[in-house]
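Heads up, the thing below is written out as structure tokens.
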Amino acid sequence: MKTQVLPLQHKADLISNRMVQYLLIGLLMIASVAFNSTYAQTTTKAEINVKGMVSDEIGPLTGVNIALEGSNVGAITDTDGTFIFPKALQPGDVLVFSYLGYETRRIKIKEDTRFLNLKMVSEAIDIVGAVAVDKPYKSKRSF
């Protein structure tokens, strides 16, 4: 009879050992999910890659300066008036668009901003003053 009791007791130990193993595996899985570094990265602000096109009432503008306000990072539009900003932006960042003869524009980046279609407005330029001439110009002859 001793031989029959030992296998049952051994089987009970085997079940309890397996239960402990499953419990430890479950705890390890929960800990790996709770302390996962990729989970921590998703809780931060999203990075936004911005593309766009800049034009005026005539068509695309080449060479428009696009700068991130408060930094020295920027881009310039190509011959089609398109650009891809070289740095990923955060919501709340401000892009400054400037071009000679046009008003400077500031665009605040939102979470859903991916493509900007910007139309620049001509800046009114006034020429003030008159040409001052005291006497007519005469060339001197040299012989």
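No lab work stands behind these numbers, since they all come straight from the coordinates. From a predicted model like this one, the values you see are computed outputs, not experimental measurements. Here the Cβ positions follow ideal geometry from the backbone for every residue, glycine too, while neighbour counts run over all protein chains shown.
Just to verify a result, which residue in segment 99-124, among those that are more than 18 Å from Glu57 (Cβ to Cβ) and among the β-branched types (Val, Ile, Thr), is farthest from the chain's Cα centre (by Cα)?
Ile107
Inside segment 63-81, can you point out the residues that are within 15 Å of Ile107 (Cα to Cα) and among the charged types (D, E, K, R)?
Glu69
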